1. For the range 107-155, with all protein chains present and a 1.4 Å probe, just round the carbon and sulfur fraction of the accessible area to a whole percent.
2. Rounded to the nearest 5, what is the percent of antiparallel bridges among the DSSP beta bridges in the range 96-222?
3. Could you report the range 42-174's accessible area per residue, 1.4 Å probe, as an integer in Å²?
4. As a test of the definition: which semi-axes, in Å, follow for the chain when you take the square root of five times each eigenvalue of its alpha carbon gyration tensor? Largest first, please.
5. Can you give the accessible area per residue of the range 1-41, in Å², using a 1.4 Å probe?
6. Please identify the trypsin sites (Lys or Arg not before Pro) of the range 80-124 that satisfy two criteria: DSSP loop assignment and at most 13 other Cβ atoms within 10 Å. Which are they?
7. Pull up the cross-link candidates among the aspartates and glutamates for Lys44, meaning alpha carbon to alpha carbon under 16 Å and not fewer than 8 places away within one chain.
8. Starting from the alpha-carbon convex hull of the range 109-222, give the projected area averaged over all orientations, in nm².
Amino acid sequence: MSLIKSISGIRGTIGGRAGENLTPLDIVESTAAYGALLQKESSKAKVVIGRDARMSGPWVQELCIHTLRAMGIDIVDCGLSTTPTVEMAVVEHKAQGGIILTASHNPKQWNALKLLNERGEFISAAQGEEMLEIARSSDFSFADVDSIGAFEKDALAIDSHINKILELDLVQTEKIQSKKFKILVDCINSTGGLSIVPLLEKLDCKVTTLNNDLSGDFAHHP
């Protein structure tokens, strides 16, 4: 089992002892440190959050959301999403940051908090170092009951992302549609079924899916 804290965020395996694995204590500590970093740059911060379908995703996301709201930070919840979708939503919502909950290619026992700046890009090395120092020193505080952060859902983040792809000049939509491609998509029971499949369908592709139940119980190594 493993826990890795770095300038790009925190990742590790679920379960075990705090400080050695990705546990609720480690998640709250890192989220609070990230929130404190944003509050140094903005008196009223907003954060966009989205996740893949990993089995640990729902409760990891809830921990992140409630920690930030307890600090007085507003939340936009994209729910099940993709990494670039969350990155784009940060800009769309004029947020000060974003958190993507995904361990990318790692197996299902892993999860991670990937941290973004106000441009929807990963935070810089300097920001990452500062966040780690905030976490080490527990240099963060929480809001009083009248100042808890607001919460809203963005159920259309993926749709907006797909539409922006189709609007790109370099995407030859009509030419692709005319080919009537037949495409097989292995979603490994994660969010490919919510993002890749509808994109291909809008391009008039005939799509067949494998492992498309959103359970997060990966059918094989990602």
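The values are calculated or read from the model by the stated rules, or taken from the named source; none is laboratory data. Quick caveat: nothing in here was measured; it's all calculated off a predicted structure. Methodologically, a virtual Cβ is constructed for each residue, glycine included, from the backbone with ideal geometry; neighbour enumeration extends over all protein chains shown. Ligands, DNA and RNA are stripped out before the accessible areas are found, and what is left, the full protein with its side chains, is counted by its heavy atoms. Shrake-Rupley method; radii C 1.70, N 1.55, O 1.52, S 1.80 Å.
1. On the way: 1530 of 2930 Å².
Whole-percent figure for carbon plus sulfur exposure: 52.
2. If we restrict to bridges inside the range 96-222, about 50 percent are antiparallel.
3. Per-residue accessible area for the range 42-174 comes out at 48 Å².
4. 32, 21, 14
5. Spelled out: the 1.4 Å probe surface of the range 1-41, per residue, equals 44 Å².
6. Lys94, Arg119
7. In chain and number order, the partners are Asp74, Glu118, Asp144, Asp146, Glu152.
8. 11.3
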